[in-house]
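Laboratory data are not the source of any read-out in this text; all were calculated from the coordinates shown. Worth saying up front: this structure is predicted, and the values here are computed from it rather than measured. Counting neighbours? That spans all protein chains shown, and the Cβs are built from the backbone with ideal geometry, glycine included.
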Amino acid sequence: MPQLQQIDTFLSQVVWLAIAFVVLFVVLRTIALPKIQATLEARRDRIEGDLDRAQTLRQEAEQVLAEYEAAMAEGRDRAQSAIRDAVEDAKARAAQAHEALAGRLAEDIRKAEARIETARAEAVGNIREVAVDVVQAAAQRLIGGRIARKSAADAVDAVADR
C-alpha cells in the first residue's frame, strides 16, 4: 500500500520541508518584507502628509472664510450707514422743501385773503351804493318825490348796523 510506504520517507520530507520553510522565511524577511515595509511606510508618510496639508488648507479656508465674513459685515455696515445718511439727507431736503412750500403757501394765502377782503369791502361798498339807489327809487315810487342821497345813505347805514 502506497500510504504505508511513505512512513520511510516521512523524516526526510519533514527535514526538506523545514529547510524550504527556513529558506523561504529568510528570503521573505531579507528581500520581500523590507520592500513591503518601505512601501507601507512611504504610503503612511504620504497619507500623513496629505492629512497635514488638508488640515493646513482647512485652516486657511476657515481664515479666508472669516476674513470674507468680516469684509461682508463691514460692507453691510457701510451700506447701511450710506443708506441711513441718504435717508437723513432726503428727510432734511424734504423738510426744507416743505418749509419753503409752507412759507410760499402762507404768503399766497395771506395775499388771497387780502384780495378777498378788498373784494368783499368793494362788494359791500357796491351793495351799499346799490341799496342807496334802491332806497331812492323806492321812495320816489312810494311818495312820488325824490329824497336826498344823504338821507337814503343814512337810512341804509341805520338798517345795516342792526
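One table, with the values for the structure above:
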quantity: Filter result for A106 (small (G, A, S) and more than 32 Å from the chain's Cα centre (by Cα)); calculated: yes
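One line per residue, one yes/no per condition, for (1) among the aliphatic types (A, V, I, L, M); (2) surrounded by 10 or more Cβ atoms within 10 Å (Cβ to Cβ); (3) touching a residue at least 40 places away in the same chain (Cβ under 8 Å):
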{"position": "Q96", "(1), (2), (3)": "no, yes, no"}
{"position": "A123", "(1), (2), (3)": "yes, yes, no"}
{"position": "R128", "(1), (2), (3)": "no, yes, no"}
{"position": "V135", "(1), (2), (3)": "yes, yes, no"}
{"position": "K150", "(1), (2), (3)": "no, no, no"}
{"position": "V156", "(1), (2), (3)": "yes, yes, no"}
